[in-house]
Structure formats: C-alpha cells, structure tokens
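Visitor: I have a structure I would like to understand better, so I am pasting it below and will then ask my questions one at a time.
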Amino acid sequence: MNTHEKARIQEEFQQRMDYDELLNCMRCGFCLPSCPTYLETGKDEAHSPRGRIALMKGVVDGNIEPDEEVKKSLDMCLGCRACEPVCPSGVNYGHLLEEARDIIYQNQKTPFFQKIIRKIAFKGLFPKPKRLRRLTSLLRFYQKSKLQKIVRTLKLTKILPSTYRLMEKVLPVVPKMKEAEKRQKVLEPFSKKKKRVAFFTGCLMDSMFLSTNQSTIKLLQYAGCEVVIPDNQICCGALHGHSGEKEQAKEMAKKNIEAFENLNVDYIITNAGGCGAFLNDYHHLLKDEEEWTERATSFDQKIKDISSLLVELNFHKQSLKLPYQIVTYQDSCHLKNGQQTFMEPRQLLDSVQGTDYVEMKDASRCCGSAGIYNLVQTEMSMKILDYKMKQTRATHANVIVTANPGCLLQMKMGIEKEGLADKMRAVHIVDYLVEAYEYSKNERVS
Amino acid sequence: MLPDEVKEQIIEIVGEQDFQDSYTNKLVYSYDATPQFQAMPDAIVAPHNTEQIAQIVKVCNRFKIPIVPRGSGTNLSAGTTPLEGGVVLLFKHMDKILEIDEENLTITTQPGVITQEIINQVEERGLFYPPDPGSLNISQIGGNINENSGGLRGLKYGVTRDYVLGLEAVLPNGEILHTGGKLAKDVAGYDLTRLLVGSEGTLGIITEATLKLLPLPPAKKTALTLFEDIHMAAKAVSDIIAHKIIPATLEFLDQPTIKVVEEFSKVGLPTHAKAVLLIEQDGDSHKVEQDIKSISTICKQNEAFEVHVAQTKEEAEALTTARRAALSALSRLKPTTILEDATVPRSEIANMVKAINNIAEKYELDICTFGHAGDGNLHPTFLTDVRNKEEIERVEKAFEEIFITAVELGGTITGEHGVGAMKSPYLHLKLGEAGINTMKQLKLALDPNQIMNPGKMFAKSNRKKVVIKHEYA
C-alpha cells in the first residue's frame, strides 16, 4: 500500500464505517473464546473480533494507518460470525467487516494477475449461471474422460499446492448440466400440498453440486411443497460481499429481488447456509438505496433454510430410516450465526431411525472453508480443519453431515487428509435425508 | 519506541517471534474492558517461563522501562492499559495447569490458564474452586489474582484472595520470590502472598500460583424472586442473612437491567418485575431444599410477588449465565456504559440502592443497577456516550458522590474491580493519608524505579486517559 492509497482508505473509513456500531463494542472480550483465529494463533488479540474492531476504530480515529498489517488482520478473519451470538452488546461484526474489506479492496491497487482473476470470477463467472455451468461441464469432461485417470496416474497434480491437490480429489462427480436446463419451472408436490415455495438454486449449488439441488427439489416435493424455480435468478453475491466487491453484490441482490417478486410463495428456500445468511441480509446491503429497502425487506423475510422448513412441516415425524451408522453434524457458520438455525438440522438427523446421532465437541466452530478462505489463507484454514477433524474422529462418526457446499468440500478434504476415506463420508443434509426417506420407503414396499 | 539496545536484549531473551512492536500489535494491546482509557505500549512480549521474565524485568529495570502484565484484558479499572507505554507482558505461553493435588486439595497453575478451565478440571475430580468472576470464560487466573477478582459466589465463599495459598513472583529487581505453599497454617513472617494478591501488577509479576480447593458441594438449587418494589428486594437481602442463611449467590438486578439481559439471553426473565433476586444455594441436598424454602418464605414476607425455583440444571445455568452478561448487555442501550463497584456492609444495601437512585436523579443520568447484593457489592452502571463531554462530566461527579456515600456507610470505593487508573483519584476517600502513605512506601521499597504498571493505584494530579501517540505520522 502506498501513502496515497492509505490516505484514501483512511478517508473512506471515516466516511463509511458505522461509528455507532464501532462504539457499541465495549471491549468486554466475551467474543474471544468463540473466535477460531484467536484460538489458533495462540490468543493473538490482533486476530480476534475485539482486536479487529479496535483496529477499524483506530483507523477511523486516525490513531493508526490502514497498513498491510491491519489488512492482514482483516483478511485473516474467516467471517464466520461466531462472535455475534455471544456478543452481549449485539455488535453486528459481519457488517463492519464487510464494509472495511470493501473499502480496502476498492482503494488498493491489486497486482495485475490477481485483478484479472478477481474480475473473471466476480464479474464474468459467478453472476452468469450459464457460463458457470459450461465451466463445470469441463470438470465433468475431465472426470468422465480418461483425463482424470491419466492426470492421477502420472501424479500431475503434484504441481499444485497441497490444498488444491486435495480439492481435486474431493470434488463431486458432476452430473450432466442438461439436467438443470431441462428442469420445469413449477413442480407439483408428491403428496397433499402444504406450502408453495420458491427455490433459490445458487451458483455453485446449481452447477458443481447440481445433484444436491435436484435432491432438494425432490425433498421439497416429498414434504408436500409446490416448488417454483424462477430462471432469472442468479448467484446471491455472498462471495462478492465478503471479498470487498460490494457494488457488484448490490447489483446481484437487485436481480434476485426482481426474480422472486410476485411469485406468491410462502417462502424462498435455500440449501446453502452461506447464501441464506447473505440473502436474508439484503435489506442491510441495500440500506442506502431507498427505493429498494422495502422490496429487500419483504424478500428477506421469506428466506428460509430447507431444514427449518422441513421441521415446520413435521418432516422429521415421517418415517426416516437408514442402515446403522454414527452420524454427526458440522454447523454451517452462516446458517447458525446468520440465520439462528442450528436445532432444526439436529432434530432432523436425530429422527432417522437405525442411526446414532453423536454431537461433536465445538460443532459450531468454523471448519475453515469460509468461502474462498481455504484457497487464500490456506495455512490457517488447514490448522482449523485439523482441529475440526480431531473432534470429528472422537465421535467415531461414519457420516459428517453439513448444510453448505463450502463446508461439505472442506470436510471431504479433511477426511481425505486424515486418510479416513474408507470409514467416513461427508454429505449434504439434503442428500442424507433423501437417502433416509427413500430407504425407509423401499423397506416398507418390500 | 523502545531504545534499540532494550529491544535487542529482549529479543535475545524471548526470540523474534515473541517480540512485537508493529502499530497493529501496539493498538490491539492499548486497551482493556474499561471505557475511556487507551494508550499505546512500546512493545508486546510473550515470555515462555519465569526465568525469561526475570531477565526481561532486569533489562527493563536497568533502563527504567514500564512493564504491564496483561491476561485477557477484561478488567474494568484500566488496570492493564499501558498508560505510560513500555512493555506489555503476555502469558499465552505460560498456560499450563501444573498439578492438581487431591491429597492436599490444591491446584498449582501458571498464570495464563483460563479461569473456566481451572473450574472444569477440578470439578471433573469432584473438587471446587469457588471464585467465579463475570468474565471467567475469558479471564486468566493470573489476572484474577492480580485484581483479587470476586464473583457471584463471593457471599458464601469469599474472593480470589481466600484461595491463594502460595505464589511465585518476579520482583521488580529481577529476583524470584516464593511465598506460602500447600499449607493450611503458615505464619513464617509477613504474609507476602496476601500483599501480592490484588496488587494489580504494581509490585511484581506473578508467574505461578498454588490455589486452595474445596470438595464440590453435592447439590445446588437456583431461585428467582420477583419484586414490585426495589427497596423491598434490598430489604429481603438483609433479612435472608439476618435469618442466618448464607446463600452461595444472592444477585440483585433492577428492571432496566432485567430488560436488556432478557433481550440478549432470552431465558425468560420477568421483564415486568421492578427488581429480581437471583439466589443460589449449594450444599447437601436436604439443607439446600430447606434453605431455598426458607428463602422463598422470607422473600414473600418482603412482598415478593413470585418465587420461581429452577427445575433443571440447564435452567439454573441459563439464569446465572444471563446474569454474567448483564454489564455487556447494558451497552445495547447506549454507546458507553461506565460501571462502578462501590461496596457497603450488606446491612446497608437498601440505603445504598436508595442513595444511588437519588444521585442519578440529581445529575439527570440514566442508571441501571445490578450486582452482588449479598455481599454488599453493587454495580451502578451509567448509560452514556463518550462523545457527550458534558454528560460524561456529570457521570464523573455522580460517581464521586456514590463513592463518598459508600465510604460514609462504612463501605469502600471498589469491592472487586480494583483501583487501577480509574479509581486512583478516589483512593484517599477510603484509605486516608496514612493508608496512602503506607502503600506508597511499600511500593517504593519494592519498586524504586516505579517500572511495574505505572500510573495505577496512586493518583497523579493530572489524570491522562487517552494517550495515543501519533508515532507513524
């Protein structure tokens, strides 16, 4: 960062940061034990929520420059928001972090290569569902042709950094993208209609994790929902919002609000904790655009995670069964801290007959995936994952259930890293429930 | 900035990794949980053992560099704010429990262990470490000892001081001192253990402690009693104790406090009550039942309109946890919350509550009061905004009046938070000239260069609160 950039960042901090919110932190330190980076750095205050807020306030007050180290402290934050529910003062830490990152990234010169990558990813790829699917098809081609085999036999992945190498191993086998394209826009429930819901398909969920999306639709139909899937919806913008691309996120939010307006649905259902938390915060994202606030608020109020809907519809009281296995649940940070949904997934899992649910220690501590954190802050991410796997091992679980694509991939990497692939699998809660529902149904038929 | 020579020597002792002096690091160690106080240190150092600390202290003493030992920075008297710069000492590497001795009922620990961890470890063995300050999930035991922290169980079990049997400390000249031991009786010389407990880092650096443990009481019951009248609640407190019942916990919360705590914790606190008492008794199950019954009767005689006994352990824990969050939850109402811990003999609680409310009214301030009513230790908390200079002045005047009233009622200016920098201007109210002089002489005898946590305990004529040097500019 040069002097000019620093001055500009400082000025924008003074203009844009919510000073009341900064003052709302009374530095009691209640957040410290909840912060994964504070714990993993051996209690380094610079990597704690209280420390980061102090730094933001320090920049606003002019007591410190926004230098590389301040940026590092903010970059090191997972954005898991575990500090929010434990904060007695109710500081909206996530909002502060988003604003601070946006100011830094928009005012700092990024290296040319990084800039291009960001531009392609944030502007050219995620907001364009078709392009994303085409890219995913390439992955399918790679997986289905002999290419993957050749690459693996020749150990060509060795040139990749270890995290990417792990990632290559655990990416799901991608189904044909045509499945998404030929999907109907309105689907009838399989039983008596209880609710009419819209399905927010997401970007990664509707490409790389397409089969989980297909299961979600099926599950909603099983649960008695008429499902509407507007095809002009796009990526929620969470990755943008968390990475200092707020303007782009706002544009995407507006497109989604338009896409889901006037559908006459009870809820808008998501199956990714990260998306859900960002979607139900659109009113904050668009707070400075008066003509949008009301529309955003009514959009927000309809957002609901699938597990929460299933419990509301008493799906857990239906017959669900699986062969014996021990199952544990890894909270999605943004599902728990951003949407206060953490009992429902457990209720659902606990209701599957024939299985044992074992709660892991610190299940609500972040797994280290955190959007693209595991790719940009690999070292810290892997430390956090190691802790997570230690707790997972202690449960002797055969299945780790998650509720967000990032967590799912991260847990898969954890299993691979620990060499547990033959006795443990990671699965999205939706796929697990479809499995349990259909297993039970088949058993009854036979 | 530290002189280069000092920096080099400290790095030589602890290694590069455990010496930090970037602006970012200095800023994040420039505060504790006390509002209005902030000052940049010159460096942050994390030693690994007592020997390293002794060496660091010798260097600092030679160059007259201030040293501020710091735990998790949760204290409320600006005790760990480095007001005169210097070295902030962290104990993140000295965080091991060294021994739990089940024969002598003691635990020996390094200063960096989290208080809750001590409680967990000993309770697993059926033992009990009673001091439970509000921040026990975060605070380090070294900080508790230096501040002589209290907590919710102070009424029956006393405070940190009552559990410290022995200490290892590095004195300002670099000598390593050992006091006390695993002994129930020990009258060999002055009681240096007690001198160091609560000395707020002004006499030396505590590097190891041996603490007393009790057998874990087999049963515990928690009750919530609701009052229409705040003074009747205060009177019930005195009455319970006059009936020769000493509950483990006897906490008082007024209505504004109940409302915000409930908003945060959602445990079902009765927001329509003007005051509540949270009462906990422990011991053998028969006695606990009996006491809770008597307490209920006494509360009803004092016009409690409802008495609710928690039915499960979870419910009871939810209530005490909610109470611990009271102070921080209050900050939802206004940007700044400033609280004090003036303490009176418990028989004077009703008078003190009345006086506090009168003072708040006189200065036209918003006040919430909660606290450990059973031991006379109240936390009047003013809700204000640091940006409103005029109001802050009124807050300070009101506090001064509260302190004077407390002392007049036979009380003290601080029951458990310590003097630090926040209350040093009022220490004379409690101690008088002779008291202050004696303490100053002690301080100078042990720390002639005044390097240990300077700016605390003793008032300076000009109090500096926010001292941030714009070094980078």
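Visitor: Would segment A:85-108 turn up any residue that is under 14 Å from residue A:9 (Cα atoms) and aromatic (Phe, Trp, Tyr)?
Guide: yes
Visitor: Which residues, taken from segment A:32-46, are facing chain B (nearest Cβ under 9 Å) and either closer than 15 Å to residue B:31 by Cβ or not in a loop (DSSP other than H, G, I, E, B) (or both)?
Guide: Hits for segment A:32-46 are A:32, A:33, A:45, A:46.
Visitor: Return the residues of segment B:161-188 that are surrounded by 19 or more Cβ atoms within 10 Å (Cβ to Cβ) and more than 19 Å from residue B:99 (Cβ to Cβ); say none if nothing qualifies.
Guide: Of everything in segment B:161-188, those that are surrounded by 19 or more Cβ atoms within 10 Å (Cβ to Cβ) and more than 19 Å from residue B:99 (Cβ to Cβ) turn out to be B:170, B:172.
Visitor: Does residue B:112 satisfy being within 14 Å of chain A (Cβ to nearest Cβ), closer than 29 Å to residue A:54 by Cα, in a loop (DSSP other than H, G, I, E, B) and touching a Leu at 6+ places or on another chain (Cβ under 9 Å)? Spell out the reasoning first.
Guide: Working: within 14 Å of chain A (Cβ to nearest Cβ): yes; closer than 29 Å to residue A:54 by Cα: yes; in a loop (DSSP other than H, G, I, E, B): yes; touching a Leu at 6+ places or on another chain (Cβ under 9 Å): yes.
For residue B:112, the condition - within 14 Å of chain A (Cβ to nearest Cβ), closer than 29 Å to residue A:54 by Cα, in a loop (DSSP other than H, G, I, E, B) and touching a Leu at 6+ places or on another chain (Cβ under 9 Å) - is met.
Visitor: Out of segment B:344-380, which residues are touching a strand residue (DSSP E or B) at 6+ places or on another chain (Cβ under 8 Å) and polar (S, T, N, Q)?
Guide: If the condition is that a residue be touching a strand residue (DSSP E or B) at 6+ places or on another chain (Cβ under 8 Å) and polar (S, T, N, Q), then B:357, B:369, B:377 are the ones that fit.
Visitor: Name the residues in segment B:7-47 that are touching a Phe, Trp or Tyr at 6+ places or on another chain (Cβ under 7 Å), in a helix (DSSP H, G or I) and facing chain A (nearest Cβ under 10 Å), would you?
Guide: Of everything in segment B:7-47, just one residue is touching a Phe, Trp or Tyr at 6+ places or on another chain (Cβ under 7 Å), in a helix (DSSP H, G or I) and facing chain A (nearest Cβ under 10 Å), namely B:23.
Visitor: Does segment B:189-198 contain at least one residue that is crowded, with 23+ Cβ neighbours inside 10 Å and either at pLDDT 90 or above or in the same structural domain as residue B:78 (by TED's automatic domain parsing) (or both)? If you could, list the steps in order and put the result at the bottom.
Guide: Kept after step one, since they are crowded, with 23+ Cβ neighbours inside 10 Å, are these residues of segment B:189-198: B:196-197.
Now restrict to residues that are either at pLDDT 90 or above or in the same structural domain as residue B:78 (by TED's automatic domain parsing) (or both): B:196-197.
Among the residues of segment B:189-198, at least one is crowded, with 23+ Cβ neighbours inside 10 Å and either at pLDDT 90 or above or in the same structural domain as residue B:78 (by TED's automatic domain parsing) (or both), which makes the answer yes.
Visitor: Additional query: Identify, from the list B:202, B:210, B:225, the residue that is modelled with pLDDT under 95 and buried (at least 23 other Cβ atoms within 10 Å of the Cβ). Give the derivation first.
Guide: Numbers: B:202 fails: modelled with pLDDT under 95; B:210 fails: modelled with pLDDT under 95.
B:225 is the lone residue from the list that is modelled with pLDDT under 95 and buried (at least 23 other Cβ atoms within 10 Å of the Cβ).
Visitor: Another one. Hand me the list of helices (runs of 4 or more DSSP H) wholly inside segment A:145-211 holding 1 or more residues that are within 19 Å of residue A:129 (Cα to Cα). Before the answer, list the steps.
Guide: Numbers: elements: A:147-153, A:162-170, A:178-181.
Answer list for segment A:145-211: A:178-181.
Visitor: Sort out for me the helices (runs of 4 or more DSSP H) sitting completely within segment A:284-376 that have 2 or more residues that are in contact with a Gly (Cβ under 8 Å, 6 or more places away or on another chain). Before you say what the answer is, go through the steps one by one.
Guide: Working: elements: A:290-302, A:306-312, A:333-339, A:343-350, A:373-376.
By residue number, A:333-339, A:373-376.
Visitor: Let me ask something else about it. Looking at this structure, is residue A:152 at pLDDT below 90, surrounded by fewer than 16 Cβ atoms within 10 Å (Cβ to Cβ) and within 18 Å of residue A:236 (Cα to Cα)?
Guide: Working: at pLDDT below 90: yes; surrounded by fewer than 16 Cβ atoms within 10 Å (Cβ to Cβ): yes; within 18 Å of residue A:236 (Cα to Cα): no.
Spelling it out, it is not the case that residue A:152 is at pLDDT below 90, surrounded by fewer than 16 Cβ atoms within 10 Å (Cβ to Cβ) and within 18 Å of residue A:236 (Cα to Cα).
Visitor: For segment A:55-73, name all the residues that are facing another protein chain (nearest Cβ under 10 Å) and not in a loop (DSSP other than H, G, I, E, B).
Guide: Across segment A:55-73, the qualifying residues are A:55, A:57, A:58, A:59, A:61, A:68, A:69, A:70, A:71, A:72, A:73.
Visitor: Is it the case that residue B:383 is within 14 Å of another protein chain (Cβ to nearest Cβ), within 22 Å of residue B:35 (Cβ to Cβ), in contact with a strand residue (DSSP E or B) (Cβ under 6 Å, 6 or more places away or on another chain) and surrounded by fewer than 23 Cβ atoms within 10 Å (Cβ to Cβ)?
Guide: Values: within 14 Å of another protein chain (Cβ to nearest Cβ): yes; within 22 Å of residue B:35 (Cβ to Cβ): yes; in contact with a strand residue (DSSP E or B) (Cβ under 6 Å, 6 or more places away or on another chain): yes; surrounded by fewer than 23 Cβ atoms within 10 Å (Cβ to Cβ): yes.
So residue B:383 fits the description; yes.
Visitor: Since residue B:216 meets every condition but one in (1) crowded, with 20+ Cβ neighbours inside 10 Å; (2) closer than 27 Å to residue B:376 by Cα, which condition does it not meet?
Guide: The number of the failed condition is (1).
Visitor: Of the residues that make up segment B:62-78, is at least one surrounded by fewer than 22 Cβ atoms within 10 Å (Cβ to Cβ) and either among the basic types (Lys, Arg) or within 14 Å of chain A (Cβ to nearest Cβ) (or both)?
Guide: Step one: of segment B:62-78, the residues surrounded by fewer than 22 Cβ atoms within 10 Å (Cβ to Cβ) are B:62-64, B:66.
If we keep only those that are either among the basic types (Lys, Arg) or within 14 Å of chain A (Cβ to nearest Cβ) (or both) as well, we get B:62, B:64.
For segment B:62-78, residues surrounded by fewer than 22 Cβ atoms within 10 Å (Cβ to Cβ) and either among the basic types (Lys, Arg) or within 14 Å of chain A (Cβ to nearest Cβ) (or both): present.
Visitor: Also: Here are A:378, A:355: which of them is β-branched (Val, Ile, Thr) and touching a Lys or Arg at 6+ places or on another chain (Cβ under 9 Å)? Break it down stepwise before answering.
Guide: Values: A:378 fails: touching a Lys or Arg at 6+ places or on another chain (Cβ under 9 Å).
Matching residue, one of A:378, A:355: A:355.
Visitor: For segment B:59-85, name all the residues that are hydrophobic (A, V, I, L, M, F, W, C) and in contact with an Asp or Glu (Cβ under 8 Å, 6 or more places away or on another chain).
Guide: Step one: of segment B:59-85, the residues hydrophobic (A, V, I, L, M, F, W, C) are B:59-60, B:63, B:65, B:67-68, B:76, B:78, B:83.
Hits for segment B:59-85 are B:63, B:65, B:76, B:78.
Visitor: Against the definition (within 14 Å of chain A (Cβ to nearest Cβ) and under 17 Å from residue B:142 (Cβ atoms)), how does residue B:96 come out, yes or no?
Guide: Details: within 14 Å of chain A (Cβ to nearest Cβ): yes; under 17 Å from residue B:142 (Cβ atoms): yes.
Against the criterion (within 14 Å of chain A (Cβ to nearest Cβ) and under 17 Å from residue B:142 (Cβ atoms)), residue B:96 qualifies.
Visitor: If you don't mind, another one. Residues that are within 14 Å of another protein chain (Cβ to nearest Cβ) and in contact (Cβ under 8 Å) with a residue 60 or more places away in the chain: does segment A:119-134 have at least one? Spell out how you get there, then give the answer.
Guide: Residues of segment A:119-134 that are within 14 Å of another protein chain (Cβ to nearest Cβ), as a first pass: none.
No, segment A:119-134 has no match at all.
Visitor: Residue by residue through segment B:334-372, note down the ones that are at positive phi and modelled with pLDDT under 90. Walk me through it before giving the result.
Guide: Residues of segment B:334-372 at positive phi: B:364, B:371.
Listed by number, the list holds a single entry, B:371.
Visitor: Here's something else I'd like to know. Report whether or not residue A:85 is crowded, with 24+ Cβ neighbours inside 10 Å, in contact (Cβ under 8 Å) with a residue 60 or more places away in the chain and more than 9 Å from chain B (Cβ to nearest Cβ).
Guide: Numbers: crowded, with 24+ Cβ neighbours inside 10 Å: no; in contact (Cβ under 8 Å) with a residue 60 or more places away in the chain: yes; more than 9 Å from chain B (Cβ to nearest Cβ): yes.
Considered against the rule, which asks whether it is crowded, with 24+ Cβ neighbours inside 10 Å, in contact (Cβ under 8 Å) with a residue 60 or more places away in the chain and more than 9 Å from chain B (Cβ to nearest Cβ), residue A:85 comes out as no.
Visitor: Quick one: residue A:25 ticks every box in (1) at the interface with chain B (Cβ under 7 Å from one of its Cβ atoms); (2) at pLDDT below 95 bar one, so which box is it?
Guide: The failed condition is (1).
Visitor: Looking only at segment A:395-408, how many residues end up being assigned to a helix (DSSP H, G or I) and modelled with pLDDT of 95 or more? Show your work before the answer.
Guide: Taking segment A:395-408 and keeping what is assigned to a helix (DSSP H, G or I), we get A:405-408.
Still in the running and modelled with pLDDT of 95 or more: A:407-408.
Count: 2.
Visitor: Yes or no: residue A:272 touching a Pro at 6+ places or on another chain (Cβ under 6 Å) and within 27 Å of residue A:349 (Cα to Cα)?
Guide: On the way: touching a Pro at 6+ places or on another chain (Cβ under 6 Å): yes; within 27 Å of residue A:349 (Cα to Cα): yes.
Answer is yes for this residue.
Visitor: What's the number of the condition residue A:226 fails, among (1) free of Cβ contacts under 8 Å to residues at least 12 places away in the same chain; (2) in contact with a Pro (Cβ under 7 Å, 6 or more places away or on another chain); (3) charged (D, E, K, R)?
Guide: In the conditions (1) free of Cβ contacts under 8 Å to residues at least 12 places away in the same chain; (2) in contact with a Pro (Cβ under 7 Å, 6 or more places away or on another chain); (3) charged (D, E, K, R), residue A:226 misses (1) alone.
Visitor: Right, here's the next one. Among the candidates B:336, B:321, B:297, single out the residue that is within 14 Å of chain A (Cβ to nearest Cβ), without any contact (Cβ under 8 Å) to a residue 60 or more places away in the chain and of a type outside the set (Phe, Trp, Tyr). It would help to see each step written out before you state the result.
Guide: Values: B:336 fails: without any contact (Cβ under 8 Å) to a residue 60 or more places away in the chain; B:297 fails: within 14 Å of chain A (Cβ to nearest Cβ).
So the residue among B:336, B:321, B:297 that is within 14 Å of chain A (Cβ to nearest Cβ), without any contact (Cβ under 8 Å) to a residue 60 or more places away in the chain and of a type outside the set (Phe, Trp, Tyr) is B:321.
Visitor: Filter segment B:119-156 for residues that are of a type in the set (A, V, I, L, M) and assigned to a helix (DSSP H, G or I); which is surrounded by the fewest Cβ atoms within 10 Å (Cβ to Cβ)?
Guide: Residues of segment B:119-156 of a type in the set (A, V, I, L, M): B:119, B:122, B:127, B:136, B:138, B:141, B:145, B:152, B:155.
Checking which are assigned to a helix (DSSP H, G or I) leaves us with B:119, B:122, B:141, B:145, B:155.
Working: B:119: 18, B:122: 22, B:141: 30, B:145: 27, B:155: 24.
That would be B:119.
Visitor: Is it fair to say residue A:259 is assigned to a helix (DSSP H, G or I) and either assigned by TED's automatic domain parsing to the domain that holds residue A:431 or closer than 18 Å to residue A:287 by Cβ (or both)? Lay out the reasoning, then the answer.
Guide: On the way: assigned to a helix (DSSP H, G or I): yes; either assigned by TED's automatic domain parsing to the domain that holds residue A:431 or closer than 18 Å to residue A:287 by Cβ (or both): no.
The answer is no for residue A:259.
Visitor: May I ask you to verify whether residue B:261 is closer than 29 Å to residue B:127 by Cβ and within 14 Å of another protein chain (Cβ to nearest Cβ)?
Guide: No; evaluated as a whole, the condition is false for this residue.
The values are calculated or read from the model by the stated rules, or taken from the named source; none is laboratory data. Everything numeric here is computed off the predicted structure, so don't read it as measured data. Reconstructed Cβ throughout: ideal geometry from the backbone, glycine too, with neighbour counts over all protein chains shown.
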